[in-house]
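Below: the structure, in structure tokens.
The values are calculated or read from the model by the stated rules, or taken from the named source; none is laboratory data. Just so it is clear, the structure is predicted and the values come from calculations on it, not from any experiment. Note that each Cβ is placed from the backbone with ideal geometry, even for glycine, and that neighbours are counted across all protein chains shown.
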Amino acid sequence: MCNKRTSIFLAFLFLLNSISLKSNGQEQITAINKLLEGIGGEKSLRDARYIMFSCINEDHSEIQEERTYIYDWETKDCRFEGKTEGGDSLTVLFNTQNDTGEVFLNNEKTQNLELLESITQLFKEDSYLLFTPIQIANKSLKPIVQDPVIIDLKKYFILGVDLSNNKSESAKLYIDSQTGIINKWETFDKEHEKTHEFLSSRVKDVGGGLTLATQFTDKISGTVFQYPIVAALLNVEISKFKNL
């Protein structure tokens with residue numbers, strides 16, 4: 001009799017666990033689908049092989065003012081154009097998968113490994129807020145669904161993300177359950193202390209229906225992170241990634 005009761009109890013626990021796992025899986029699918037809807041849908045993602053964007057990051061001083069990137073999602077090739085703190089023209093052609101590339105200062109090729117490493121890291125920081133929603137939607141990033149919250153009478157799905165950006169360790173994205181737009185973005189350090197609380201604005205169609213937030217304000221520091229130019233492109237000359 002005792003063994004029978006134990007078996008029934010274990011079966012009941014297994015059933016509860018299965019229901020919980022199924023529920024969590026469904027919640028994650030719902031949140032990611034809503035995010036995908038918010039950025040324009042699967043066709044918009046497929047058509048945006050190339051992304052061109054410029055960035056102004058008030059936290060970074062080595063590179064002057066606005067800089068521009070062209071990125072190929074398939075090959076992971078990238079072209080960077082900007083100016084150094086000293087005012088020199090800088091072009092860097094690199095691959096984000098293997099961090100190899102070429103550096104050109106004032107249109108002259110130079111062997112500067114330190115500068116190459118600086119720009120590849122800068123790309124990770126500059127592209128982070130723009131690219132993370134795309135990476136979640138195309139399943140190259142796997143978030144963890146958390147319990148939804150109600151803020152100012154609005155329901156938000158919460159997605160937890162581990163970061164490749166080494167300045168922070170993790171992030172929480174607040175996705176409007178109606179629009180699919182990321183309204184708030186929190187990042188945390190290794191001790192789980194909040195480092196940033198970004199509020200997004202200037203959400204716009206950047207081409208082909210792909211819709212992204214292009215300005216973020218850090219509620220903690222007051223720093224503004226801007227993408228003045230963002231364009232999803234169907235075609236880019238391959239030479240842009242190979243030649244000056």
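Observations on the structure shown:
- Residues being β-branched (V, I, T) and under 17 Å from G38 (Cβ atoms) - total across the stretch 119-141: 3
- Condition met for I70 (β-branched (V, I, T) and at pLDDT 95 or above): yes
- Flag for T132 being touching a helix residue (DSSP H, G or I) at 6+ places or on another chain (Cβ under 7 Å), among the β-branched types (V, I, T) and either under 27 Å from K43 (Cβ atoms) or modelled with pLDDT under 95 (or both): no
- Which listed residue, of E37, E42, E74, E66, is touching a Cys at 6+ places or on another chain (Cβ under 9 Å), surrounded by fewer than 19 Cβ atoms within 10 Å (Cβ to Cβ) and over 20 Å from E117 (Cβ atoms): E66
- Filter result (over 23 Å from I238 (Cβ atoms), without any contact (Cβ under 8 Å) to a residue 60 or more places away in the chain and not polar (S, T, N, Q)) within the stretch 66-119: K83, E85, G86, G87, D88, L105, L113, E114, L115, E117
- Total residues in the stretch 142-178, condition in contact with a helix residue (DSSP H, G or I) (Cβ under 6 Å, 6 or more places away or on another chain), assigned to a loop (DSSP other than H, G, I, E, B) and closer than 16 Å to I32 by Cβ: 1
- Matching residues, the stretch 204-244, being touching a Gly at 6+ places or on another chain (Cβ under 9 Å), in a strand (DSSP E or B) and surrounded by 15 or more Cβ atoms within 10 Å (Cβ to Cβ): T211, L212, V230, A231, A232, L233
- If only residues of the stretch 96-149 that are of a type in the set (S, T, Y) and surrounded by fewer than 12 Cβ atoms within 10 Å (Cβ to Cβ) are counted, the one that is nearest to the chain's Cα centre (by Cα) is S140.
- Of the listed requirements (1) part of a loop (DSSP other than H, G, I, E, B); (2) charged (D, E, K, R); (3) at pLDDT 95 or above, E197 misses just one: (1).
- The number of residues in the stretch 185-210 that are over 28 Å from E37 (Cβ atoms) and of a type in the set (S, T, N, Q) comes to 1.
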